[in-house]
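The values are calculated or read from the model by the stated rules, or taken from the named source; none is laboratory data. All values derive from a computational prediction rather than experimental measurement. Neighbour counts run over all protein chains shown; Cβ positions are idealised from the backbone, glycine included. For the accessible areas, the whole protein counts, side chains as well, though only heavy atoms, and no ligand, DNA or RNA atoms are used. Shrake-Rupley method; radii C 1.70, N 1.55, O 1.52, S 1.80 Å.
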Amino acid sequence: MDNLPDVIRIEPVGLCNFNWQHCPTAVSPNKRSLLSKDKFHEIIDGFKKINFLPRVVVCYHGGEPLLNKNLTYFIKYLKDWGVKKTVITTNASLLTEQKSIELIKAGIDQIKVSFDGESVEENNYIRQKGNFYANAENLKTFCKVYKKISKHKIDISTASTII
């Protein structure tokens, strides 16, 4: 299996709940939808058939992964299978306290939260329907829940695209 990458991406959803100026997922119509449990298992079963266990699975490829209600199921399944690191990138708008608990209990290893611009105003302009303060508060809630209940280390980071 030397020719297979040890990091793979699985797109839980090809949709976004924001309307961004620079994001093709948000501004261009597409026919990608939510990844079902059946399709997820079909993908993973394909890896298992060839005896391939990736080191890292990134559950993100342009959409907002928290739109998929099965995301925590996917992460737990990957961790139970033996994947060493699971990663998501999110805009944090849907990162409620309950979702934070679910992600942490499922075994998420890394969460990246995206913002845009150099100011709150620029972020909210670029991310139409976005709310910097609300999303930042959701990230703070995740951190509080993490400190309270996590039994494993989670890498938490933010990123900002300057346009």
request  = Of the numbered conditions (1) open to solvent by 10 Å² or more (accessible area, probe 1.4 Å); (2) in contact (Cβ under 8 Å) with a residue 60 or more places away in the chain; (3) farther than 16 Å from residue 17 by Cα, residue 94 fails exactly one; give the number of that condition.
outcome  = (3)
ask   = Any chance the range 74-82 includes a residue that's within 13 Å of the chain's Cα centre (by Cα) and either modelled with pLDDT under 95 or among the aromatic types (Phe, Trp, Tyr) (or both)?
value = yes
query = On the given criteria, is residue 124 open to solvent by less than 30 Å² (accessible area, probe 1.4 Å) and over 23 Å from residue 148 (Cβ atoms)?
reply = no
task = For residue 62, indicate whether it is touching a helix residue (DSSP H, G or I) at 6+ places or on another chain (Cβ under 7 Å) and not β-branched (Val, Ile, Thr).
result = yes
ask   = Looking at 63, 46, 107, which is the one that is among the small types (Gly, Ala, Ser) and loosely packed, with under 14 Cβ neighbours inside 10 Å?
value = 46
